[in-house]
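Notes to accompany the following structure.
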Amino acid sequence: MTVAAAQSAADSAASLVQSVDWLAIAPPALTAVVALAVLVADLFLPERRKPLLGVLSVAGLAAALLLLLPIRAGDRSTFCLTADAGVCSYTADHFTLVIQLLVLGGALLTALLSVTELGGAKKLPAGEFWFLLLSSAAGAALLPAARDLATLVVALEVATLPAFALVGLKRGDRLSSEAALKFFLSSVAATAVMLLGVSFVYATTGTLHLTEIATRLDDVPGALETLASAGVALTLVGFAFKAAAAPFHFWVPDTYVGAPLPVAAYLSVVSKAVGFSGLILVTVIAFPSHSDVWGPVVAVLAALTMTVGNVAALRQSATRAWSAVRLLAWSSVAQAGYLLVPIAAAAYAGTDQIGSTVAYALMYAVVNLGAFAVAALVARTKPLNRLADYRGLASERPLVALAMGFFLLCLAGLPPGVVGLFAKVTVFSSAVDAGLGWLAVVMSLNVVIALYYYLQWTAVLFRAPETAEEGALEAGPTPAAAGPVTRPAGPLAGHRAPAPILAAIGLTTAVGIALSGAPQLVLRFAAESLF
């Protein structure tokens, strides 16, 4: 081989070697590294030192959040094609940063709630728990930055597979095992359908990069048009499942009830963020030319999801013994319907509508995690977490009761939860601006339905504690010889609240109040997050 030929071969090989923007990928990469560090450390730490794993996990998530600051400009991309530097697999734009903030912040609050679940009689294995939580958070943080279908699918599965194990981590608990199995089987089925759709899209376009797919779908041969449309529809199924959109929502109630409470909180926010960010990426970036296919489908899904969630929650609240976690599960299904509205509107009025989904997701993440934090506090003395268990909370813990009332009013869209009201108004406006008047009417009716069970729960917080006679009636006839039935003054009487749970409640309350005082900050932040 001549010197010239050798030099040419070396130059060609060098052109295939890409430089990696390590700062751009730092948030999910650091989370994954900390997960591996926790897994290794768990092998060597004695049992009494296991709490250090929680400290390491919280510190790792906080550091990952701080790494968002150096890339806040939103102008970084990496893993790009050598032939076209504008086509990349990883992009850290404003949309990516906002979703990563939501995901990592939600994981951090979940970690605070989880510290108290790893001790006592219901002890969960600390090493496995922290490794699975961090691994899932790493996949969830990767997904909004993915700009090709292969990376999207991998990130989706990395976020989901550890969640199966987290749900079933209560060893010997039948409900936990059943919830994990139902979650696993339904998710696998949805992923299989999604992969079939991805294969159809690749067969018709010859590429997996989202921007390239958008270009080539505009010029699909007539013989492949049906295949392309089928691929678009099937690809949406997997993300609709993660977003808990009806009719792919059936796993939610049993999974939330069977899972450890912090895991249910994590799924309600982070899993939903994963599903919606994936839906936004494939619809707005990859499939804009087929908006006539996915636009009406998403609109119908939005109407069906909010209606099913609210009606089920209404039926749940009709009995005194309803579970607070199950009602929050149905509430999260209904909230998913509202989140779908701006995505449907984007098919008719452009990508500017996506900002409403981002704003609503930020509001929902803060207040829903706060509600789960209060539920976790009550569950320490009232494991059944029933409606009656919240009676007397205001007399026992007035600040906690006020915080819970604030969270519920935000979810209902009522003052003083101004941020919730503004979020619902922006979502409603997006439907009107897109000409989806019928969807705006359906949303209005569902908001009214939801007021009943949100206000009912709020009222219970400030009622007097359950009397002995009421408790006896609920438990059934009491033998005369048994004597009077005594009940504590409130759900947390004589119980010292753990500092991590109080910190989670205080943090979410402070953020919610700050956003209610200046809701335009959320809207402006969401508008600037658009890719």
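Worth pointing out:
- A probe of 1.4 angstrom, applied to the heavy atoms of all protein chains, finds residue 254 with accessible area near 60 square angstrom.
- Long-range lysine pairs (8 or more apart or interchain), the chain, Cα under 28 Å: 23
- As a length-normalised measure over Cα pairs under 8 Å and 6 or more apart, the relative contact order of the chain settles at 13 percent.
- Computed Rg/Rh of the range 215-307, alpha carbon atoms with Kirkwood Rh: 1.07
- Counting only protein chain heavy atoms and rolling a 1.4 Å probe, the accessible areas of 55, 341 rank, largest first, as 55, 341.
- Accessible surface computed residue by residue for the chain, with neighbouring protein chains in place and a 1.4 Å probe, gives 39 Å² per residue.
- Here the average projected area of the convex hull drawn through the C-alpha atoms of the range 327-441 stands at 7.4 nm².
- By accessible area with a 1.4 Å probe, ligands and nucleic acids excluded, highest first: order of 323, 187, 19: 19, 323, 187
- Distance between the 7 Å Cα→Cβ label points at residue 250 and residue 40: 4.5 nm.
- The chain: angle of helix 499-517 to the longest principal axis, Cα-based, in degrees nearest 10: 70
- Rounded to 10°, Cα long-axis angle of helix 291-316 versus longest principal axis of the chain: 10
- Of the two radii for the range 14-143, the radius of gyration is 1.07 times the Kirkwood radius, both from the alpha carbons; that is the Rg over Rh value.
- The mean sequence distance of close C-alpha pairs (under 8 Å, at least 6 residues apart), as a share of the length of the range 15-127, puts its relative contact order at 31 percent.
- Take each peptide in 404-417, 70-83, 376-389, count the other Cβ atoms within 10 Å of every residue, and average; sorted highest first, the result is 404-417, 376-389, 70-83.
- R0 of 25 Å, Cβ-Cβ distance residue 195-residue 227: FRET efficiency to nearest 0.05: 0.95
- Of all accessible heavy-atom area on the chain, the percent that carbon and sulfur account for (1.4 Å): 69
- Computed from the C-beta positions of residue 451 and residue 63, the FRET efficiency with R₀ = 35 Å rounds to 0.30.
- When the Cα positions of 24, 270, 239 are compared along the charge dipole of the chain, 270 comes out farthest toward the positive end, with charges on each C-beta of Lys, Arg, Asp and Glu.
- Between 0 and 90°, nearest 10: helix 26-44 axis offset from the chain longest Cα axis: 60
- Converting the Cα gyration tensor eigenvalues of the chain into ellipsoid dimensions via √(5λ) gives semi-axes, longest first, of 42, 28, 20 Å.
- Whole-Å distance, taken between Cα centres, linking the range 37-55 and the range 367-416: 33
- Think of it as helices only: each DSSP H run of n ≥ 4 in the chain is worth -39500 (n - 2.57), and spread over all residues that comes to -22500 deg cm²/dmol at 222 nm.
- Placed amide H near residue 90: partners under 5 Å, 5+ positions off or other chain: 78, 147
- Gyration tensor verdict on the range 91-207 (Cα atoms; rounded if a/c is under 1.5, prolate if a/b is larger than b/c, oblate otherwise): oblate
- Accessible area, probe 1.4 Å, largest first, for residues 290, 94: 94, 290
The values are calculated or read from the model by the stated rules, or taken from the named source; none is laboratory data. Bear in mind that the values here come from a model prediction, so they are computed numbers and not experimental data. Here Cβ is always computed from backbone atoms with ideal geometry, including for glycine, and neighbour counts include all displayed protein chains. Note: areas computed on protein heavy atoms with side chains; ligands, DNA, RNA excluded. Shrake-Rupley method; radii C 1.70, N 1.55, O 1.52, S 1.80 Å.
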